[in-house]
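One structure is given here, and the rest of the page talks about it.
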Amino acid sequence: MAVAGVRLLALGLLLALSAGAVEVKRPRGVSLVNRHFYEENKPFACLDGSKIIPFHEVNDDYCDCKDGSDEPGTAACPNGNFHCTNAGHRPRYIPSSRVNDGICDCCDTMDEYNSGALCINTCKEQGRKEKETLQKMAEIAKEGFKLKQQLIEEAKKSREEKQQKLAELQKDKVTWEAQVESLRTVKEAAEKPEQEAKEKHKNAWDEIKAAQRLEKSKARAAETFKELDDNEDGFISVNEIQTHTELDSDGDSMVSEQEAETLLGGANQVDATSFQESVWAGIQDKYKSENRQDYLPEKEETEEEKMPAYDEETQVLINVAEKARNEFSEAEKSLKEVETSIGSLEKELMVDFGLDGEFAYLFNQCYEMTTNEYVYKLCPFHKVAQKPKHGGSETSLGIWGSWAGPEDNKFSIMKYEHGTGCWQGPNRSTMVKLSCGKETVVLSTSEPSRCEYLMEFSTPAFCQDEAEEGGSEHDEL
Ligand code: MAN
């Protein structure tokens, strides 16, 4: 074919195409995509296949098809759909029952072609507004994405630092462990002689106390002997014992001769020495003094005398042991601190902070949002809590569980679970939905179902590279 011929054909095609784009004939309310179902002057088959009707019955304001597909442009079918072309904005379907109902639904006014409603075509305006919004969002995404790159850089650095720190701490731990062990040995070595010296001191004291007690008991025995020896003949006799009815042993409130004799060890009378040695012990608990009515044990007998201070030698041993104990427990404390630091560092390094660690900066941070009733607190990778604004204790809405977004967008939702139990319900839990934003902030909180909370949270870490995403989805005709 000649070159000119090809050109002519191309031109014709172009003309045909452009004419078609301007006005493609199709029944009212039918989308371009569905146009081929509605071929002029050919019988129309309902889209659900339920019926075939002559073409002139399409949009004749009488509903023939069950699915309403014969009346896309009238309100005749209750379940039909009217397609708004909305040139300049985005096409959409509206229920065909809204056609000519006096309310402007389509921004291109096409749903109100016969109602007399004064509709103004706002598609261009809406399209412009939407474009603006999308542009703003794209702007935010772009800037957020830049911030995200910084976050990733920082996360890398901080992770390396933490790994280094962890290695150091692990070395420290080994050192402290050895230190604790050697100080334990020192301590135990010092405690042995300390214990022995203390015991020795105490035993000596016990002996002194026993001797004192014996002395006192003897003194009381002598005193008692004097009291009982009414005739002062130097003996205690049966009848002298009988005057002390509190010494009765058979419960008749009297001391018989026999009882008295028994108390005197079978003898008629005893002298001071025998009284001391064999009678006193048997009566001392019951005996009531004549001089001291309602005999009360003397003060020094009830209140234990304080043990005297340790001798110098023992005190030195105690001081040495005390110092060893202190050094040991200080070392133990340091070891525990190192272990705690290792534990929390290891825990942090285990957390999944996103593909490039972009969420790491949220660790150890908390973000709050106040509603009418509560202050909500989100501490990413730790917990979510709710505290009544006007006093009252904090309620746990969950502790960090896992990433819970869909497979292709795992890092879009955080799940916090096992919060405070809900009365007659589940344990409280929270989903945190992430969105891209220049700022890190809680955007909203809600409780879609009882004790199941939802938070919206914006962070630059969630921003995507718009160019990589393939640009906006804006649909413009
Ligand atoms: C508290 C709050 C609410 C929750 C009820 C359930 O009032 O934690 O969010 O719905 O308990 O009893």
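The values are calculated or read from the model by the stated rules, or taken from the named source; none is laboratory data. Just so you know, these numbers come straight off a predicted model, no measurement behind them. Neighbour counts run over all protein chains shown; Cβ positions are idealised from the backbone, glycine included. What goes into the accessible areas is simple: the full protein's heavy atoms, side chains included, and nothing from ligands, DNA or RNA. Shrake-Rupley method; radii C 1.70, N 1.55, O 1.52, S 1.80 Å.
Relative to the Cα centre, what is the charge dipole magnitude of the chain, using +1 at the beta carbon of each Lys and Arg, -1 at the beta carbon of each Asp and Glu, and rounding to the nearest 20 debye?
Details: 58 positive and 93 negative charges, 953 e Å.
The calculated dipole for the chain is roughly 4580 debye.
Rounded to the nearest 0.05, what FRET efficiency is calculated for residue 250 and residue 394 with R0 set to 56 Å and r the Cβ-Cβ distance?
Numbers: r = 73 Å, r/R0 = 1.31.
That gives a FRET efficiency of 0.15.
In nm, to one decimal, how far is the residue 310 label point from the residue 60 one, both placed 7 Å along Cα→Cβ?
Reported label-point gap for residue 310 and residue 60 is 11.7 nm.
Give the list, by residue number, of cysteines in the chain with no other Cys Cβ closer than 4.7 Å, or say none.
none
Which one, 121, 179, 241, projects farthest toward the positive side of the charge dipole computed for the stretch 90-242 from Cβ point charges (K/R +1, D/E -1)?
Value: 121.
I need the peptides 386-396, 356-366, 76-86, 168-178 ranked by packing, meaning the mean over residues of other C-beta atoms within 10 angstrom, with the highest value on top.
Details: 386-396: 12.6, 356-366: 18.7, 76-86: 20.4, 168-178: 14.4.
Sorting 386-396, 356-366, 76-86, 168-178 by mean packing, highest first, produces 76-86, 356-366, 168-178, 386-396.
Quick one: pull the percent of accessible area on the chain belonging to carbon and sulfur, 1.4 Å probe, ligands and nucleic acids left out.
Whole-percent figure for carbon plus sulfur exposure: 52.
So what's the angle, to the nearest 10 degrees on a 0 to 90 scale, between helix 3-22 and the longest Cα principal axis of the chain?
For helix 3-22, the angle is close to 60 degrees.
Could you compute the FRET efficiency for residue 332 and residue 443, with r as their C-beta to C-beta distance and R0 at 51 Å, rounded to 0.05?
Numbers: r = 48 Å, r/R0 = 0.93.
About 0.60, to the nearest 0.05.
For the chain, take the longest principal axis of its alpha carbons; what is the angle in degrees between that and the long axis of helix 123-228, to the nearest 10 within 0 to 90?
The answer is roughly 10 degrees.
How would you classify the stretch 326-464 from its alpha-carbon gyration tensor, with a ≥ b ≥ c the square roots of the eigenvalues: rounded for a/c under 1.5, else prolate if a/b is greater than b/c, otherwise oblate?
Numbers: a/c = 2.05, a/b = 1.34, b/c = 1.53.
It comes out oblate by the Cα gyration axes.
Set the Förster radius R0 to 41 Å, insert the Cβ-Cβ distance between residue 159 and residue 139 as r into 1/(1 + (r/R0)^6), and round the FRET efficiency to 0.05. List each step's numbers first, then the result.
Details: r = 30 Å, r/R0 = 0.74.
That pair, residue 159 with residue 139, gives E of 0.85.
Take the alpha-carbon centre of the stretch 187-240, take the same for the stretch 80-103, and report the distance between them in whole Å.
113 Å
For the stretch 238-384, what class follows from the C-alpha gyration tensor (a ≥ b ≥ c being the square roots of its eigenvalues): rounded when a/c is under 1.5, otherwise prolate if a/b is larger than b/c, else oblate? Mind showing how you got there, number by number?
Details: a/c = 5.67, a/b = 3.01, b/c = 1.88.
Note, shape of the stretch 238-384 comes out prolate.
Over the chain, give the accessible area per residue in Å² for a 1.4 Å probe, as an integer. Please list the in-between numbers first.
On the way: 30400 Å² over 477 residues.
I get 64 Å² per residue for this part.
Under 19 Å from the 7 Å Cα→Cβ point of residue 267, by amide nitrogen: which residues of the stretch 185-219?
Answer for this model: 218-219.
Expressed as an acute angle from 0 to 90° and rounded to the nearest 10, what is the orientation of the C-alpha long axis of helix 312-350 relative to the principal long axis of the chain?
That works out to roughly 10 degrees.
Positive end of the charge dipole of the stretch 197-349 (Lys, Arg +1 and Asp, Glu -1 on Cβ, about the Cα centre): tell me which of 267, 316, 326 has its Cα farthest that way.
Of the candidates, 326 comes out farthest on the positive side.
By the gyration tensor of its Cα atoms, with a ≥ b ≥ c the square roots of the eigenvalues, what is the shape of the chain: rounded for a/c under 1.5, prolate for a/b over b/c, or oblate?
prolate
Report, in debye and to the nearest 20, how large the dipole of the stretch 323-468 comes out about its Cα centre when Lys and Arg carry +1 and Asp and Glu carry -1 on their Cβ.
Details: 15 positive and 23 negative charges, 167 e Å.
Magnitude of the dipole: close to 800 debye.
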